Amino acid sequence: MPEVRVNWWSAKPEPGFWVSAGVLALACLGQGQRRTRPLLALVVGTAAVACGPLVAGATGLGVLLVFFDLLYCAVLYTSLRAGWAVSGARRPRSSGWPGSAWSTRAGGPLCSICSACR
């Protein structure tokens with residue numbers, strides 16, 4: 001498959017077409033679940049990214065594009081808490097200053113910049 005790839009081991013031979021297509025098919029299997037079950041789709045995409053170096057010795061650009069799309073969807077289409085956990089970000093604490101973007105309401109800090117946290 002003539003595509004851009006990240007070679008992990010220089011001693012390993014070039015992967016065949018069916019190996020690369022199988023890893024890409026595994027990555028695309030998660031695309032069908034990206035909106036309804038985004039965390040399951042991310043797990044399938046992560047398995048494809050992990051299988052690439054183990055089976056083929058390389059990770060194709062198509063597999064990486066699918067994986068990053070699944071990562072984006074796992075943050076966008078899940079709950080706020082799961083989105084924070086997937087992104088690895090920490091929720092900022094309230095600064096305590098009046099008029100700050102983060103304020104404490106109903107027992108927890110909520111963003112007052114947009115209506116997504118309300």
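Derivation of every value follows stated rules applied to the coordinates shown; laboratory data play no part. The structure presented is a predicted model; accordingly, all values stated were derived computationally and were not measured. So basically every Cβ, Gly included, is an ideal-geometry build from the backbone, and we count neighbours across all protein chains shown.
Here's the yes/no breakdown for (1) farther than 24 Å from Tyr77 by Cβ; (2) of a type in the set (Ser, Thr, Tyr); (3) over 15 Å from the mean Cα position of the chain (by Cα); (4) part of a helix (DSSP H, G or I):
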position: Ala21; (1), (2), (3), (4): yes, no, yes, yes
position: Leu24; (1), (2), (3), (4): no, no, yes, yes
position: Leu42; (1), (2), (3), (4): no, no, no, yes
position: Pro53; (1), (2), (3), (4): yes, no, yes, yes
position: Thr59; (1), (2), (3), (4): yes, yes, yes, no
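Looking only at the stretch 29-38, count how many residues are part of a helix (DSSP H, G or I) and surrounded by fewer than 16 Cβ atoms within 10 Å (Cβ to Cβ).
The total comes to 3.
Any residue that is closer than 27 Å to Ala82 by Cβ and surrounded by fewer than 16 Cβ atoms within 10 Å (Cβ to Cβ) - is there at least one of those in the stretch 10-20?
Scanning the stretch 10-20, I find no residue that is closer than 27 Å to Ala82 by Cβ and surrounded by fewer than 16 Cβ atoms within 10 Å (Cβ to Cβ), so the answer is no.
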